[in-house]
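Note sheet for the following structure.
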Amino acid sequence: MNEGEKIAIIDLDTGGRRIVARGENPAWSPDGQWLAFIHFPSGRPARISLRVVRTDGTGERTVFVQDPAGMRWPHYPSPGGWPREPLWSPDGRRIVFTKHFQSGHTLWIINADGTGLRRLANRIEPAEFLGPGQATRRSDTE
């Protein structure tokens, strides 16, 4: 089963390509040392997760996973929906992401170490990306 696309870093001087993870929606941390991305595990497509990995391919870890059996990670209640579109906070300590549902999207924030999950907004519209680490979002609730 597909685990997502390969996330690679390309050296612009040499053209060398280094695969650092498998997933989608990679986002650079402000210090350039980490990538946040969405991972689709083989065999368990409903356990889509938000992960981080160092840009050298080491230190990959799960920050948040939406598990349909328990609907929480590691101990935060979280309604259904799958994480998408991660963006780092300017200080690199938190990651904002959307959760997608058939009825719409919600906006969440979590500390980069996986603690402190909380919902920021309900029923948001898709992001309009302005540049690295910047996005605008409209919401019907604050």
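Descriptive notes on the structure:
- Pick from the range 81-121, criterion polar (S, T, N, Q) and surrounded by fewer than 18 Cβ atoms within 10 Å (Cβ to Cβ), ranking: modelled with the lowest pLDDT: GLN102
- Residue list for the range 27-46, filter: open to solvent by 60 Å² or more (accessible area, probe 1.4 Å) and free of Cβ contacts under 8 Å to residues at least 40 places away in the same chain: GLN33, ARG44
- With respect to the stated conditions, THR62 fails to be of a type in the set (Val, Ile, Thr) and loosely packed, with under 12 Cβ neighbours inside 10 Å.
The values are calculated or read from the model by the stated rules, or taken from the named source; none is laboratory data. Here the structure is a predicted model, which is why all the values come from computation and not from measurement. Reconstructed Cβ throughout: ideal geometry from the backbone, glycine too, with neighbour counts over all protein chains shown. Accessible surface areas use protein heavy atoms only, side chains included; no ligands, DNA or RNA. Shrake-Rupley method; radii C 1.70, N 1.55, O 1.52, S 1.80 Å.
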